[in-house]
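Engineer: What follows is a single structure, and I will ask about it in a moment.
Derivation of every value follows stated rules applied to the coordinates shown; laboratory data play no part. Please read these numbers as outputs of a predicted model, since none were measured by experiment. Please note: Cβ atoms are built from the backbone with ideal geometry, for glycine as well, and neighbour counts cover all protein chains shown.
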Amino acid sequence: MDKYNNSKKFTPVFFIILLLTLISFETVSRNTIQPDPQRRIRIQDSILTGQMEPPYQYRIFKPVLGYTVQTILSPFVKDKLKSHILSYRIIIFFVFLGIYILFYRFLKIFFTDKACIIGLLLLQIIIPLGITSIWEDGDYYTLLFYLIGLNLIFSRRDIFLPLVFFIGEFNRDQIIFLIVFYMIYLFSKKELFRPKSISIILSSVILWLTAYFSMRYYFGFKESVYTFAHNLHSNKSALTLIIELWVSQVLIFVILSIKSYSRSSVFFRGCLISLAAYAVIFFFNGILSQLAKFLPAYLILIPMSLQFIMNEFTGEKVFPESIS
């Protein structure tokens, strides 16, 4: 029987995924959604009415989705605060469920069940460590978009990839870095310069740019206070804290990934190198203490670290058709 369709494995793996989902869901809910719903509602309303400062003004995916769920729940939950909390708790539950299912499917391409579970546990440990504000749950949406993209790439359904860039841009600009992972994948398969590949790359960039400029056209081109100079000053002034955070949460994965570099596939070797550029962009275009924005990097660092921890190689297997 195909090991991906073994029903005896389905139940324990699914319940592990469900347990990890509940832990992350409750942790993030208690620390971001529930502490100050009044302020969150003000932020949501400011974005929806076009009165928010950039770049938050252009991150409309989360508030639009939240407002939609609130509208659906309004006949049943009259209290505005309770409706807001419940709506975003429902959304973040399914976001984390999607994250763990898709990360398991991604890991399953390369590793055994045991290694995949260890990988999920490592991701679950990292997720709560990046919590720094009450409005950062959108960073987990970004992680989900990256996982959707990676699963489409490795399942050879990359024809749908441009939609991920289009929709994902309404959440965070950083979805564009997924194109680097995609190009590295194509290079590893010697398919980078095929007409189909070039078409998908161009379509992805065009749709990303369409989403990017459409929001700025609709809400107006606003000058951000979070300039290059501002981010550089913020990162330099909090350098001690940043070093502590990155040493405790990132460095060990980088070391393990480097140790596994020589036995890694071309895809992972290329992606690890590209993360240096990702980190540099993050340094000049973001606040380095907000590590939730670095979560997509763990989709490369964790699999590479697993090679060292589990003594397994990232050779590709048949793409799994089910959770287990």
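Engineer: Write down Rg/Rh for region 119-196, rounded to two decimals, with Rg from the C-alpha atoms and Rh from the Kirkwood relation over Cα pairs. Could you put the intermediate results ahead of the total?
Structural biologist: On the way: Rg = 14.4 Å, Rh = 13.9 Å.
Ratio of gyration radius to Kirkwood radius for region 119-196: 1.04.
Engineer: Quick one: compute a quarter of the convex hull surface over the Cα atoms of region 3-223 and quote it in nm².
Structural biologist: Computed as one quarter of the Cα hull surface, the answer is 14.0 nm².
Engineer: What's the long-distance tail for region 82-133, i.e. % of Cα pairs beyond 13 Å? Write down the numbers at each step before the final one.
Structural biologist: Numbers: 869 of 1326 pairs.
Looking at region 82-133, the distances longer than 13 Å represent 66 percent of pairs.
Engineer: Also: Run the helix sum for the chain: -39,500 (n - 2.57) per DSSP H stretch of 4+ residues, divided by residue count, reported at 222 nm to the nearest 500 deg cm²/dmol. Provide the component values of the computation, followed by the final result.
Structural biologist: Numbers: 14 runs with 217 residues, N = 324.
-22000 deg cm²/dmol, from helical runs alone.
Engineer: Something else about it: Please report how far the C-alpha centroid of region 97-119 lies from that of region 129-191, rounded to the nearest whole angstrom.
Structural biologist: 17 Å
Engineer: Taking Cα atoms, how many degrees apart are the long axis of helix 266-285 and the longest axis of the chain, rounded to 10 and kept between 0 and 90?
Structural biologist: Relative to the chain, helix 266-285 is tipped by roughly 20 degrees.
Engineer: Report the gain in length on full extension from LYS190 to THR11: 0.36 nm times residue separation, minus Cα-Cα distance, nm rounded to one decimal. Walk me through the numbers before you get to the answer.
Structural biologist: Numbers: separation 179, 0.36 × 179 = 64.44 nm, distance 3.82 nm.
The LYS190-THR11 span can extend by a further 60.6 nm.
Engineer: Also, I was wondering about something else. Starting from region 36-83, pick out the trypsin sites (Lys or Arg not before Pro) whose DSSP state is loop and whose Cβ has at most 15 other Cβ atoms within 10 Å.
Structural biologist: Working: sites: ARG39, ARG40, ARG42, ARG59, LYS78, LYS80, LYS82; in loops: ARG59, LYS78.
Qualifying residues, ordered by number: LYS78.
Engineer: Could I ask something else about it? At a threshold of 8 angstrom on Cα-Cα distance, excluding pairs fewer than six apart, so keeping six or more, what relative contact order does region 3-223 reach in percent?
Structural biologist: So the answer I get is 24 percent.
Engineer: Principal axis extents for region 1-119, Cα atoms only, whole Å, descending order, please.
Structural biologist: Result, largest extent first: 56, 33, 23 Å.
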